[in-house]
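Here is the structure we will look at, set down as structure tokens.
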Amino acid sequence: GGQKPLYRALAELALGYGLWEQFQYRQAWEKLKTSLKALDMASIWGGPPGLKALLPLIKANSGFLEKMVLDPAEVKEGVVLDLLAHAHRRAHGDHDPERAMVALVRALEACAQRQLFKQYKIKTWDVQPDQLPEALRDTCRTSYLDDVDGKYKLPLQSQWRTLAGLGDQMGQAFLRDWPKMKPLLDAANHAVLGHGFEAVKGERVQQLSDMVMKLTGVSESSLPKFPVLSL
């Protein structure tokens, strides 16, 4: 009977991480917060042997989510880190290169979106052609108008070209890396979860992961890590 609150807290915790996997940041944060209080108490009264060691990691995760939830910006800083961590879990935890590839390409885009919004106040989902470097304006007017909502939307490669054209160092690094990046994004495009019918190879995912991490300047140690509790 005395273990009931502990198991309830662990169930809440598992639910919280499940919500996080679905990018439901606020609900995940709420679950982690409530379960943390109960787990803190349980660790004082003994609890399972591995629990105490995991609490700092769960607290760090809760702090990461708190930052994301309370960040008022339209383009949230933490999303790039979260997508990269998500891709790592899909690749190494689930051995699912298809889903890892989707998350990596999205992380690459989120990084460009963050940079464009933060440094140049450009929204890639609602761009004004006049905000772009001159060389890209006509292409934007003729090719990037979205039929659904009537807004100009920059695709991934053009986001990076815009950054480069505006003199942004990260954008220029992307252009330098483009010959190496192209076959990897091509593989992502031909993937079943991309736009094609070919399964993605694990080594392609690893190569793109290395390139994106280098480009974004993110180290693996700064990515949020999920705890593993063996009872």
Filtering segment 47-61 down to residues that are modelled with pLDDT of 85 or more and touching a helix residue (DSSP H, G or I) at 6+ places or on another chain (Cβ under 7 Å), which residue is farthest from Pro224 (Cα to Cα)?
Leu55
Identify, please: which residue in segment 178-216 is part of a loop (DSSP other than H, G, I, E, B) and without any contact (Cβ under 8 Å) to a residue 24 or more places away in the chain and is, among those, nearest to Arg106 (Cα to Cα)?
His195
Collect the residues in segment 38-57 that are without any contact (Cβ under 8 Å) to a residue 60 or more places away in the chain and within 15 Å of Tyr7 (Cβ to Cβ), keeping them in residue-number order.
Ala38, Leu39, Met41, Ala42, Ser43, Trp45, Gly46, Gly47
Looking for whichever is surrounded by fewer than 15 Cβ atoms within 10 Å (Cβ to Cβ), within 15 Å of Leu13 (Cα to Cα) and of a type in the set (D, E, K, R) here; the options are Lys37, Lys52. Which one fits?
Lys37
Residues that are surrounded by fewer than 18 Cβ atoms within 10 Å (Cβ to Cβ), at pLDDT below 95 and touching a helix residue (DSSP H, G or I) at 6+ places or on another chain (Cβ under 8 Å): does segment 13-28 have at least one?
no
Considering segment 203-225 alone, what residues qualify as being at pLDDT below 95 and either at positive phi or surrounded by 14 or more Cβ atoms within 10 Å (Cβ to Cβ) (or both)?
Thr216, Gly217, Val218
For residues that are touching a Cys at 6+ places or on another chain (Cβ under 8 Å) and assigned to a helix (DSSP H, G or I), scanning just segment 121-167, find the one that is surrounded by the most Cβ atoms within 10 Å (Cβ to Cβ).
Ser158
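Yes or no, residue by residue, for (1) in contact (Cβ under 8 Å) with a residue 40 or more places away in the chain; (2) in the same structural domain as Met170 (by TED's automatic domain parsing); (3) acidic (Asp, Glu):
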| site | (1), (2), (3) |
| --- | --- |
| Leu36 | no, no, no |
| Glu66 | no, no, yes |
| Asp82 | yes, yes, yes |
| Ala85 | yes, yes, no |
| His88 | yes, yes, no |
| Val102 | yes, yes, no |
| Tyr120 | yes, yes, no |
| Arg137 | no, yes, no |
| Ser143 | no, yes, no |
Just checking, does segment 120-139 include any residue being touching a strand residue (DSSP E or B) at 6+ places or on another chain (Cβ under 6 Å) and either small (Gly, Ala, Ser) or over 16 Å from Val212 (Cα atoms) (or both)?
yes
Every residue from segment 93-117 that is more than 17 Å from Gln157 (Cα to Cα), at pLDDT 95 or above and either touching a Cys at 6+ places or on another chain (Cβ under 8 Å) or assigned to a helix (DSSP H, G or I) (or both):
Pro97, Glu98, Arg99, Ala100
Restricting attention to segment 103-157, which residues are within 30 Å of Ala91 (Cβ to Cβ) and aliphatic (A, V, I, L, M)?
Ala103, Leu104, Val105, Ala107, Leu108, Ala110, Ala112, Leu116, Leu154, Leu156
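The values are calculated or read from the model by the stated rules, or taken from the named source; none is laboratory data. Only a predicted model underlies this, so the values are computations on that prediction, with no experimental measurement involved. Glycine also receives a Cβ, built like all others from the backbone with ideal geometry; neighbour counts cover every protein chain displayed.
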